[in-house]
Structures are given as C-alpha cells and as structure tokens.
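Okay, structure first, notes after.
Each value in this text was obtained by applying a stated rule to the coordinates, not by laboratory testing. Everything numeric in this text was worked out from a predicted model, so none of it was measured. Cβ atoms come from the backbone with ideal geometry, glycine included; neighbour counts cover every protein chain shown.
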Amino acid sequence: MGENIFKIDEREYILPGSRACQGCGLSLAYRHALKALGQNTILTIPASCLTVLHGLYPITSVEIPCLNCTFASTAASASGLVAGLKAIKRTGLTVVAVAGDGGTYDIGIQALSGAAERGTDFIFVCYDNEGYMNTGTQRSSATPPGALTTTTPVLTKLEPKKDMLKIMEAHSLPYIASVNPSYPRDLYEKFTKAKLFKGTRYIQIYAPCPPGWAYLPKDTVKIGRMAVETGICVLFEIENGRFRFTGRSKVLAKKGKRLSVADYLDAQGRFRQMSRDQAVQLQQSVDEKWEEYVRRAVE
Amino acid sequence: MEDKDHHISAMCKPAPGEAGKTGDWRDVRPVINHEKCTPFIKKKPSCFLCWLYCPEGVIRDTIPVQIDLDYCKGCGICAEECPVGAITMVSEGKHDG
Amino acid sequence: MTDNCQILTGNQAAAIGVKLSGVQVVSAYPITPQTSLTETLSQYIEGGELEAEYVRVESEHSAMTVCIAASTVGARVFTSTSSHGLLYMHEQLHWAAGSRLPVVMCCVNRGVGAPWSIFNDQQDSIAQRDTGWIQIYCRDNQEIIDTVIQAYRIAEAVYAPVMVCYDGFVLSHTTMPVEVPDEEAVRAFLPPYKPHTILDPHDPRNINPVIFPWRRMDAEGCLRDGYMELRYKLQKALEEAKPVIADVSRAYGRIFGRDHGGFLWQYRLDDADVILAGMGSIATEATMATDMLRKEGIKAGVLGIRLYRPFPREEIREAIGNIKAKALLIFEKDISYGYEGALCSDVKAALYGSAVQPPIHDFICGLGGRDVKASEIADGVKASLNTVDEGDSRPQTIWLNCRKG
C-alpha cells in the first residue's frame, strides 16, 4: 500500500476492534505514529493504557512486534533490545519505547535518563494524557494545575506541570519533538524524521483523554486543536539543539493570535474547580513559555 | 478446537476484534450523506478528514467513503470534523438492559 | 584436558566463566562485593577478549531489564549483583522467570540493611527464593567458574533463569587455585542459545501482555492458557530442571573432571552420628569443624546443599535416611524473621513423613559478616549433642556467636 492524499501510509498497523476507549487521543496519535515508523520496528511498552490497546493474551491489536515491560523499566527495556539486536547482528530495525506520562515523567524517568545519557539508539515516545488514566485518573507530575483527579479530588492539582521536554533537552539529544493528534500530518512527519537520526530521540504526544479530562469523545480533535491555539501544547522540534516551531504553532508564532487558555479550560470538566488565581497563573506560565520559545526559535 | 497451548510464556498474535465486535459499544452510529460528501461529489480523492481523524482506523478513504460498523465505536469525531456536515450521528435505538 | 591452574578470586573465577560461556550482552551496576566481577568483564569486553555488548546501566533494576530484553531477542546475557542491588531487582526477577528467559546472574551474597552492612550473609538471595529462579550455592572458587558455565546449559535447556550464589568476600575476594577450563571444550559443552520468543516484524507478536485469569481462545481457535496455567508451567519447569541439573553436573564432570555433586555434596557423612548441613562457604567451614570433632571422637559429617531451588527434597530424605544420625544441625546465614532460618524450614518440610526424623537444631550464624570459626561450629555441635543426649529432642533455633539480652 502506498501513501494517500495526506502523504500518509494507507496501511493500518492497529487492527479494528482494539480495547482503547471511544475517542482516545492516544489511539489516534498511535495510529499515525505506527504508519510513520513502519513495519521494521520493535516496540517496548510498560503497564499503561497502551498495554490495554495492544490487547489481552492471546490476541493483540497491533501488527508490530512488542515486548511488554514493567512500569519503571521502559527505556532500559529498549536498551536491552538495542544491545541484544546488536549482539546477534540483526540490523535494520528501529527500537521504539512508548510510555505514558506516568511511565515517563514519574516512575520511568530514571531509566529514561540513563538510556538517554548513554545515547542508546532508540526513539522514546511519551504519550502525555496528563495523569494515571489507565488506573482511573490519578495525579501525575504531568497533570496541569487546576485539574481534578481522583487523588486531587477537592483542591485540584496545586503544582505546575513538570517540563519533561526541557529535562530531555538537558540530555543533549539529537532530536526532540512535540506532537498532537489533531495535527496528524505534522505528527507523521516528525516520526518519519526521528527515524533518520541515530542515538536517543524523544517525541512527546499531547494525548487528550475523554474520560480522564471529562469531555465528550467526539471532541478529542477539537480539544487538541484548542491546546495548540492557546499555546498549552506547542508544536515544535529541536534538532541538535536548534528549536523551530512547526505547523499551526509556526503560523501562530509568525502572525497569529493565541486564544485565551480560559477557552481551553472551559471545554473540560476536569478544570471545573480551578480557581481564578490558578487560571491566571496558568495563562501567565503559558505566555512565559511561549515567549521563551519565540525568543529561541530559528527560521 | 485445539486445547493445548504450546507456548511457555504469553506471546500474542495479531487479529481484528481483540476486544470483540466493538461496534457493540456504540450508542450512536455515523451515517454518511454521500450527496454532501466532498470526494463523492468531486469524484476524486479529496478531503478524507474522517479517515484522517478516525482513532480506530475503521473509515476507508474510498469513493464512496466507507465505515466499518462492525468495529466503529461511535465516538463521533468523524461527524464533528467533517467540514461539510455530511456525517450525522444517529441513535442506535438500543436501550440498556 | 589442558592443565591451566590459576590463582583467582571468586569474582575473577566468575568473570572467566562468563567469558568462556560466550556471553553476548552484559549489563551491571556496581555494588560491593560484586564490583570487581563486572569490572573484570568490562576489561574483557573493552580489551577485545570477549565480543559482547556491555550496557552500563543506571541501576540494578535496569541491569535485569536489559538482560530480559536482550535475552528475549536471542542473546546470551549476564549480570551480577549483591544485597540491595538484588532487592532492587526483585520485580524484574519475577519478570525474567515469568518470561521464561535463561538469564544467568551471579549473586555475590551480602547482608541487607538497615543498618548498612557490606559483609557476607545469604539473606539477599534467600529473600528471592520465590521468584521462580533456580538457585545454586557454591562452596569455593573452583565451583564458581564451573557453575557459571553449567548455569547457561541448565537455563537454556529448561528456559528458566539461574542465580549462581557465592559468599561475598569469603569467596569473592579470596584467592584460591582454580582450574580454568579449555575454551573450545566449553564452547562444545554449551550449544548456541535458541530463544523460544519471537520478535520478528514478519511475524509480529506481543510478548507478556495482560492475561486473563481464565483461558481464552485465539483467532485460530486454540484455547490458550490463562495466568494460572502459565504459573503451573513455570513450577513444572523448575521441577523438571532437577534431572537436567544432575545430567549437566555429570556431563561436566566427564568432560572437565569435576562433578560438584548436582544437588548435594557430602563430607565424611557415611558413618556420621551428627549431620552438619549448610549452603556455600559455611558448609566448607563445617567440613573443618567435622575434622576437629572427629579428632575428639565425635563422628560428624557434612551435607552440603548446592541446589536450593528447585529444592532437592527426595535427595535430602535419601541422604539423611541412609544415616542413623542422632541430630541434624543446620548452619545458615539467613533468617525468616518470626520463624527460623529458611533452609531449616525447607529441610524439615523435606523430611516430613519420612522414617528418619532426627532432632533438628537451626544455627543462625554469620549474619552481616560475623565471623564463624570452625571451632565455634564444633562447639555448637557439642552443645547440641549434649542437649539431645539429655533426652531433649525439641527443635531449637540457636543464634551462634551472638550476645542475647
């Protein structure tokens, strides 16, 4: 099968009838990511929503080989795959680790930092749905301030979101990208490009989650779009230290006007208890981050 | 039916419908009005945003556009994203219990 | 056979064993007293003596993870650790065994905190008893090199991981003369590793996903295992490993001239009135105590336990059943808090229902490196025999060389 009008591979690697929720942002992003990665890929994934999407024994929904690993070990599992393949002299395969924000920002950060520091030749993908969604929406260090979770059920999350992209940048990686399933072509291009680099590459997927974020499944693409329009999620890539905006964020950086984060917050039930102060602070931190990006952007 | 698993560890093979016929999950189904659908009108590959945004990959970018209702979970993204309003979500008319 | 005797520490002996076994991926994290083993391996690999990938991970958890993933791909893997490093791996030990991967690891036995101890006991590996790993305890450096090589043949035959345990410092840092086997002969002894796992883009599999409690049909109509069936297969694999371990020990003996006894070894046991049982270097110490006791006219003998999991129940019953001993004394460097030493419980369970039921005393000794001299073992034996001779056959747990109260 070839590419279609979007210049995206027609082949589906996720078979119909997976266990992912209706309107799952991860499912949409993963669908296009796998198309870009292609068949010669070996995946490793920890306990997460993605484990559920991949399916329960003895059937899997995904037509790419995958090694499941424990929660804290994703990047180390990728290191083992890379070392093992090299040892048995198997070439031409891309090792890709995919973890949620819990498996990346929290429990998986030690193994990820280790693998990145070693320059392990693999792509680490974090799908960030901003909480422990597979266990029913608990707070993670990726949860944005003001969000209700089952472990911040009254006061909402009081702390800012950890800047994982910055942490990964501190590892001097050859390629870092931020993607969003509402912009599949941008996502597809970045995954395709990431394959061309050697060493550790990091891609973070902004992954809207209807049940966890309390919005209707039909609105996943809309929410993702609003995230970019407001600057909550910024589409960019950092190639050997050079930051550039991509896609819609590039347009916004050049001439567009970003929407107020209030529009984004109002669209999701998880922010219903957020205080006015929290919203003001969030707007401020989004603006500051945006300015920082604008200052350093090349082109 | 074979009743012996020769695997010594859990090792899955791919197949459609791992979670069953997920069309059963739907409350509402997408119905396409082809008279409004851009590729159908233009008679050439175009638009196909429903294909692009379907999280399940159950929409085919053919003319006419086809949706695999055996597996479509009824999320409604296609209807929401269709720029010409060619897709409507229609109640399945099923009731719980 | 080539005659190649070298003066080696336990860690050097293990490293040579790994090199001779043609290991393809090594991953480890430094911890005392294991460190010099992995340092030696990095020298071999960087110096071109061993063609292997060395992954210098940031933790033991990652070290075992690398072994799991590389073994799944089809590479022969090795790691080693001690004490807290082993405890930190705990989750991954279960994962390796549940994945049925022939990972081989040296556990250089050391006490566990709190408070910190860098010195030897066997609490670390004993605490991993129920992870599904085969555990073999070595008594000297010769046995270490030989057991590492044997471990690969065992692990790859039964698809279960093997932990080669030996005492920190007592063996790891003590030099002894060791016969180094011929490399070609070892290569012939170890056939190439054939993985049962499939990681192939042309036959994509999802390995170790979530599994239901019940059995489930696959797309081809085969009713596949549920969780419990796979656990039963692991248990069966370890039970069926016993004849393999015995065969490997004998085959190794035929080729290299040293058979360390498979499951058990004996020292002056045939006519013993009192049996001293233990694992690792404490059992070696017990052989010296035996010589002392025999000089004093007490007929002692040693039952060395080499294989701890799978546990050699029948063989222990047989070994003890053949001797009309007055007492069975277990010397062990671990404790199952709130009960007794783990080895003692296992030996008692093995003897349950058998005709021969000697009084059993359990000596908890050498914890955190507390010195255990042969003379102290001998004194303990004499005290126990007095108790038994006075007609008290009740079980006892005795903390040797420990001030109580």
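So, in Å, what gap is there between the alpha-carbon centers of region C:164-202 and region A:78-119?
Cα centres, region C:164-202 to region A:78-119: 26 Å.
Taking the inverse of the average 1/r across all pairs of different Cα atoms in chain B, what Kirkwood radius in Å do you get?
15.3
Tell me, what HN-Hα J-couplings in whole Hz come from the Karplus equation 6.51 cos²θ - 1.76 cosθ + 1.60 at θ = phi - 60° for each residue of region C:10-21, using x for Gly and Pro?
Those phi angles translate into x, 5, 5, 4, 4, 4, 5, x, 5, 4, 5, 7 Hz.
Unpartnered cysteines of chain B (Cβ-Cβ under 4.7 Å counts as a partner)?
Taking the Cβ cut-off of 4.7 Å, the unpaired cysteines of chain B are B:12, B:37, B:47, B:54, B:72, B:75, B:82.
For each of A:164, A:226, count neighbouring Cβ atoms within 10 Å of the residue's Cβ, then give the residues from fewest to most.
With the fewest neighbours first, A:164, A:226 line up as A:164, A:226.
Could you give the length gained on full extension between residue A:251 and residue A:89, defined as 0.36 nm per residue of separation minus the Cα-Cα distance, in nm?
Here the segment from residue A:251 to residue A:89 would lengthen by 53.8 nm.
Mind sorting C:375, C:36, A:285 by how few other Cβ atoms lie within 10 Å of their own Cβ, fewest first?
Least to most surrounded, the residues fall as C:375, A:285, C:36.
Can you give the longest run of chain A that contains no trypsin sites (Lys or Arg not before Pro) sitting in a DSSP loop with at most 14 other Cβ atoms inside 10 Å?
A:90-197
Given that compact globular proteins tend to follow 2.2 N^0.38 Å, what is the ratio of the alpha-carbon Rg of region C:229-333 to that value?
1.20
Within straight cross-link reach of residue A:7, meaning Cα distance under 22 Å, which lysines are found once same-chain residues fewer than 8 apart are removed?
Output for residue A:7: A:35, A:190, A:193, A:195, A:250, B:42, B:43, B:44.
Rg and Dmax of chain C over Cα atoms: what are they, in angstrom?
When restricted to Cα atoms, chain C yields Rg and Dmax of 21.5, 74 Å.
Please report the spacing between the Cα centers of region A:155-196 and region B:39-97 in Å, no decimals.
29
In terms of Cα to Cα distance under 17 Å, which aspartates and glutamates are near enough to residue B:36, apart from those fewer than 8 places away along the same chain?
Within the straight-line limit of under 17 Å, residue B:36 reaches these aspartates and glutamates: B:61, B:80, B:81.
Compute the distance from the alpha-carbon center of region C:222-299 to that of region A:1-76, in whole Å.
47
Run through the DSSP bridge list for region C:264-399 and note the antiparallel percent, rounded to the nearest 5.
Restricted to region C:264-399, the bridges split so that about 15 percent are antiparallel.
Nearest 0.05, what FRET efficiency do residue A:39 and residue B:2 give at R0 = 35 Å with Cβ-Cβ as r?
Efficiency at R0 = 35 Å is approximately 0.75.
Of the residues B:55, B:14, B:39, which exhibits the maximal mean-square fluctuation in a Gaussian network model of chain B defined by a 10 Å Cα contact cut-off?
Fluctuation is largest for B:14.
When chain C is treated as a GNM, springs tying every alpha-carbon pair under 10 Å, which of C:259, C:362, C:218 comes out with the largest mean-square fluctuation?
C:218
Dipole of region B:22-91, Cα-centred, from +1 at each Lys and Arg C-beta and -1 at each Asp and Glu C-beta, to the nearest 20 debye?
It comes to approximately 340 debye.
With only alpha-carbon pairs counted, each pair once and no self-pairs, how large is the Kirkwood hydrodynamic radius of chain A in angstroms?
19.3
Can you tell me which of A:262, A:29, A:207 moves the most in a GNM of chain A? Springs connect C-alpha atoms under 10 Å apart.
Greatest mean-square fluctuation among the candidates belongs to A:262.
Identify, among A:233, C:159, C:202, the residue whose Cα sits farthest towards the positive end of the charge dipole of the protein assembly as shown, taking +1 on the Cβ of Lys and Arg and -1 on the Cβ of Asp and Glu, with the dipole about the Cα centre.
The one lying farthest along the dipole's positive direction is A:233.
With 10 angstrom as the radius, rank C:379, C:3 by how many other C-beta atoms surround their C-beta, starting from the fewest.
Fewest to most other Cβ atoms nearby, the residues stand as C:3, C:379.
Compute from the Cα atoms of region A:157-278 the Rg and the Dmax, the latter being the longest Cα-Cα distance, and quote both in angstrom.
15.3, 46
Given bins 20 angstrom wide, list per bin the percent of all Cα-Cα distances in the protein assembly as shown, short to long.
Whole-percent P(r) values from 0 Å outward: 15, 41, 28, 14, 2, 0.
Suppose a student asked you for the relative contact order of region B:22-91, using Cα pairs under 8 Å spaced at least 6 residues apart; what percent would you report?
47 percent.
Based on alpha-carbon atoms only, what is the radius of gyration of region C:235-284 relative to the globular estimate 2.2 N^0.38 Å?
The value comes to 1.39.
Which whole number gives the average count of other chain Cβ atoms within 10 Å of the Cβ atoms across peptide A:221-231?
Average neighbour count from other chains, rounded to a whole number: 1.
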